[in-house]
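**Q** Before anything else, here's the structure in question.
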Amino acid sequence: MYYKKLNFDNFKIKKMKQIFLSKLYVVLMATLFTVHSVAQDNMLCVGRHWTEDEANLKMKEFAAEWNNLESWEQRAATIKEGIIKGMKLDQMPKIEGNFNAQITNTRKFDGYIVENIRIESFPGFYITGNLYRPVNAKEKNAAVLSPHGHLKDKRLTHYVQKRCAVLARMGAIVFAYDMVGHGDSHQVDSHNIPIALLLQTWNSKRVLEYLLSRSDVDPERTGITGGSGGGTQTFILAAIDERIKVSVPCVQVSAHFFGGCVCESGMPIHKSKNHQTNNVEIAALCAPRPMLLISNGNDWTRNTPRIEYPYIQKVYTLYDAEHKVENVHLPAEKHDYGYSKRSVMYNFFAYHLKLNTGAVSWTPSVNEDFVTILPEEQLKVYTSDNPMPADALKGNKAIMDYLNLQ
């Protein structure tokens with residue numbers, strides 16, 4: 001009766017309904033997406049999320065949540081689940097092997113070998129880096145993952161080359177790999193892809209699995225170390241993957257600072273409806289495996305001897321493993337992975353990964369002078385003769401569409 005008064009025929013009514021419903025669907029989907037994004041943003045803990053005073057009190061709150069091994073492990077399970085679900089790691093493709101490794105440009109130096117390497121992270125997405133191997137390799141060797149922090153082409157710098165070459169000469173197979181959006185890893189539009197944290201963690205997992213797939217790697221002697229953003233990658237992988245046996249995060253574990261980049265705090269791994277944590281507790285998930293915290297007096301790790309390290313020590317005490325966690329604090333130094341920090345890492349890895357300290361000279365600490373610093377171009381994976389694979393996904397949209405994360 002109403003429609004007759006408006007003089008609409010059935011066709012027009014149906015057409016209007018279709019238009020109305022389609023527009024309503026668009027509005028509802030946009031609203032749902034916005035609500036989801038806002039809800040996720042509300043769960044993010046970014047940068048200096050707390051003041052140092054607030055973080056001190058929060059650590060006391062966290063400590064009150066557990067009082068024995070059983071209650072800690074219940075909390076640890078909640079934190080680990082929060083990391084995995086928060087970054088959507090559980091939604092990644094189920095892949096075993098299929099690394100399709102390509103190794104090029106093998107060069108032999110004083111006690112170590114350097115190679116350029118590319119492996120497949122998932123179909124159409126590649127991890128690029130360098131392999132450093134001992135010249136006098138054994139049948140089974142230790143393996144070390146070497147992620148890096150926020151600097152353009154940081155994998156190619158002299159200090160990353162030094163730490164990898166020293167470890168290789170001491171008997172480790174070291175995989176130095178690019179942070180997403182840096183070096184040769186330029187399939188993304190930029191490093192600030194919203195799922196950078198997921199991609200980097202997944203890449204680290206795949207690098208570990210590649211190393212473990214090698215017949216010359218001892219699965220009981222695997223380590224990981226990186227500074228700054230590489231330190232974040234270090235303690236996150238060690239937290240969720242027990243195949244990492246030794247961890248050395250440098251200048252990054254902090255009670256109040258959650259990482260200032262999307263690749264560290266751009267996905268809700270610290271907070272959910274059911275829990276709140278921080279990077280101290282995430283690092284503590286390494287227990288009882290050996291871990292060395294390296295801190296300094298000029299960044300967010302300046303309180304480590306008083307706040308972060310004592311908390312982690314208490315966790316290790318639950319496992320009677322106090323002797324397996326250490327902190328080297330350098331109050332007169334700044335935020336870097338300089339020689340003094342590398343030298344203590346060498347000793348820690350040498351002891352726990354059973355490396356050969358006699359393979360290097362000491363004056364009085366490890367002498368790095370034997371390392372040949374290669375020009376950046378010689379360490380790059382992609383060249384005119386070896387371009388990016390034709391099946392490579394290009395751009396954020398292509399990568400995110402392929403993964404189809406919910």
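Every read-out reported here was derived from the displayed coordinates using simple, explicitly stated rules and does not represent laboratory data. Every value quoted in this text rests on a predicted model; they were computed, and no experiment measured them. Here the Cβ positions follow ideal geometry from the backbone for every residue, glycine too, while neighbour counts run over all protein chains shown.
**Q** Which entries in 80/205; 138/314; 58/324; 152/324; 205/397 show an alpha-carbon gap greater than 27 Å?
**A** Numbers: 80/205 15 Å; 138/314 37 Å; 58/324 25 Å; 152/324 34 Å; 205/397 23 Å.
The answer is 138/314; 152/324.
**Q** Please arrange 48, 206 by how many other C-beta atoms lie within 10 Å of their C-beta, fewest to most.
**A** 48, 206
**Q** Let me ask something additional. Is the shape of the range 184-303 rounded, prolate or oblate, going by the alpha carbon gyration tensor and its root eigenvalues a ≥ b ≥ c, with a/c under 1.5 for rounded and a/b larger than b/c for prolate? Show your work: numbers first, answer last.
**A** Values: a/c = 1.57, a/b = 1.16, b/c = 1.35.
Note, shape of the range 184-303 comes out oblate.
**Q** So, one more: Would you mind working out the magnitude of the charge dipole of the range 90-379 relative to its Cα centre, with +1 at each Lys and Arg C-beta and -1 at each Asp and Glu C-beta, to the nearest 20 Debye?
**A** So the magnitude is around 300 debye.
**Q** Please report how far the C-alpha centroid of the range 130-188 lies from that of the range 56-103, rounded to the nearest whole angstrom.
**A** Centre-to-centre (Cα) distance: 25 Å.
**Q** Let me ask another. Which order do peptides 83-93, 226-236, 375-385 fall in by mean Cβ count within 10 Å, highest first? Show your work: numbers first, answer last.
**A** Details: 83-93: 16.8, 226-236: 27.9, 375-385: 13.6.
Result, highest mean first: 226-236, 83-93, 375-385.
**Q** Which one, 353, 167, 240, projects farthest toward the positive side of the charge dipole computed for the chain from Cβ point charges (K/R +1, D/E -1)?
**A** With unit charges placed on the Cβ atoms, the residue in question is 240.
**Q** What ranking, highest mean first, results for peptides 248-255, 157-164 when packing means the other Cβ atoms within 10 Å averaged over each residue?
**A** With the highest mean Cβ count within 10 Å placed first, the list reads 248-255, 157-164.
**Q** If contacts are Cα pairs under 8 angstrom and at least 6 residues apart, what is the relative contact order of the chain in percent?
**A** In percent, rounded to a whole number, it is 20.
**Q** Going by the alpha-carbon gyration tensor, a ≥ b ≥ c the square roots of its eigenvalues, is the range 362-405 rounded (a/c under 1.5) or, if a/c is not under 1.5, prolate (a/b greater than b/c) versus oblate?
**A** Values: a/c = 6.19, a/b = 2.21, b/c = 2.80.
Cα axes put the range 362-405 in the oblate bin.
**Q** Bin width 5 Å, alpha-carbon pairs only: give the P(r) of the range 53-194 as whole percents, running from 0 to the bin holding the largest distance.
**A** Per 5 Å bin, starting at zero, the Cα-Cα P(r) for the range 53-194 comes out as 2, 8, 12, 15, 15, 12, 12, 11, 8, 3, 1 percent.
**Q** Tell me, what is the percent relative contact order of the range 48-199, built from C-alpha pairs under 8 Å that lie six or more residues apart? Before the final figure, lay out the partial values.
**A** Working: 207 pairs, mean separation 26.9, N = 152.
Reported relative contact order: 18 percent.
**Q** Cβ neighbours within 10 Å, averaged per peptide: list 167-173, 73-79 in order, most packed at the top.
**A** Per-residue Cβ counts within 10 Å, averaged per peptide and sorted highest first, yield 167-173, 73-79.
**Q** Using alpha carbons only, how many angstrom separate the centre of the range 310-327 from the centre of the range 369-383?
**A** Comparing the Cα centres of the range 310-327 and the range 369-383, I get a distance of 39 Å.
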